Every structure is written in structure tokens, then in C-alpha cells.
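The values are calculated or read from the model by the stated rules, or taken from the named source; none is laboratory data. All values reported here derive from a predicted model rather than from experimental measurement. Here Cβ is always computed from backbone atoms with ideal geometry, including for glycine, and neighbour counts include all displayed protein chains.
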Amino acid sequence: MHVEIWSDVVCPWCYIGKRRFEKALGQFDQADAVDVVWRSFELDPSAPTEGELDLVTRLASKYGVSRPQAEAMNQRVSDIAAGEGLRYRLDIARPGRTFDAHRLLHLAADRGRQDALKEALLAAYQTQGQPIADPEVLRRVAVGAGLDEHEVHQVLAGDEYADDVRHDEREARELGISGVPFFVIDRRYGVSGAQPSDVLLEALQRAWADRSPLEVIASDAGSTADPDACGPDGCDLPAR
């Protein structure tokens, strides 16, 4: 079963959603048959590569609220995160453009380290106050997650995987995804938002139950094998 998760590393609900999905997956009997892929989604593609404003100021400006109100918004989501075992420090978060972070996540997918890097990037921004658009921070986090330093440098120095990021974002638009996290199961079922783990578990179970077995149409309804075929033991040839 294939699960794709559209997400951004500066999205506080995405880290909460990751924890809830992991809990659901841990309770899912067929977890070993689930392939998880993280897809790119930039909440603010126009964000500067260097954070000019702190998160509270950006929130206050975006939603037209006061700083105390923006701080209260951060506190509410931080309290919810704490319930999932996450210690948010949004008071020191340093937002910025996440395009390069997403490019590195595609490299990590090719190297079998995507989930490790996703976890590390989310933690760097949400809990450690790391400037997520800073190339040196990205290099350090990526290498710490098990990626080759030379490959990381090559990606950050060029435009490798840029098309992959844009492809993910184009697919999100085609699927009608306008917010993250968004979970897509076998391209048949979608779950929007950081839903509780029992909701995510139910989605996994329903998707698994609805997987249709292959229906074989044979010329001989009473036969379990096709006489006009080849198999591991050879081919059935008509007798003369």
C-alpha cells in the first residue's frame, strides 16, 4: 500500500500529523506492506531565503492580529504538539523559504533516508530554532540524517531535484490539495489535516480492506490453471 504525505517542514501541524500517523501505522496490522513517501508542498513559495521577520511578527501580519494574539496561536498549537510528545519552540522559530529543504528530501528519498531527514528538518525548525533556509543548516541537518556530504553540497550548489519539487506541487494542485498535512492512500483515499491517530488508522484499514484482488477471467470456468501458458515448470503444449 502506497501512502503519500504532502507536507512542509515549517508547518507546525505537519509534525503533529507525522507523530499521529506513526502511531496509527504502529497499530496497523499490515504496516510492513506500507510504503510512505513525503511529497513537497511550500506554504510560502515567496518567502525569503533569509528570515527577515520572526514567526510571531509574520503571523501577526498575515492574519491581522496583535503580537499577543499571534503568541497565543503559537501556544495553542504547541500545547497540542506536547500531547504528541513534541516540545515546540515556536517563539524562536526562524521561517524562510523551504524549496531547498524539499530538494534535499528528494535526494534523501533516492538514498533511502527520506523519513530520517524529514524528522530532522521538522525538529530543526519546530523545536530548535534553526534557520531552515540557511544552506549551512541544511547541510548539517542532512549529513546528520545520514546523507553523503558531497552529494548534499552538490544539490545545494545547483538546481538538482527542483523539477521534482515542482512536480509534487503541481500534483497537489491537481488533486485539490490546498493545505497540509494531506495524506493520500493508493491515490484513492485522502485525509486532510493532522487528524487523530484513530482516524488515520481507520483510513489505513479501510484502504487495505478495499484493495481488490485480481479477478482472473479464464476460458474454462472450472479450471484453476490456464492450459495455454508457461510457468516455472514449463509450458503446456497440445498433444499431437
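If only residues of segment 123-166 that are among the β-branched types (Val, Ile, Thr) and not in a helix (DSSP H, G or I) are counted, the one that is surrounded by the fewest Cβ atoms within 10 Å (Cβ to Cβ) is Thr127. Cβ-Cβ contacts under 7 Å between residues 6 or more apart (or on different chains), taken from a first residue in segment 10-27 that is small (Gly, Ala, Ser) to a second residue that is modelled with pLDDT of 95 or more and outside any helix (DSSP H, G or I), are listed as Gly17/Pro181; Gly17/Ala194. Residue count for segment 85-108 satisfying the condition of being crowded, with 18+ Cβ neighbours inside 10 Å and either under 13 Å from Glu160 (Cβ atoms) or among the charged types (D, E, K, R) (or both): 11. Filtered by the rule that a residue be without any contact (Cβ under 8 Å) to a residue 60 or more places away in the chain and loosely packed, with under 13 Cβ neighbours inside 10 Å, segment 167-192 gives Arg170, Arg173, Glu174, Gly176, Ser178, Arg188.
Going through Ala124, Ala157 one at a time, which residue ends up being at pLDDT 95 or above and closer than 17 Å to Ile92 by Cβ? The match here is Ala124.
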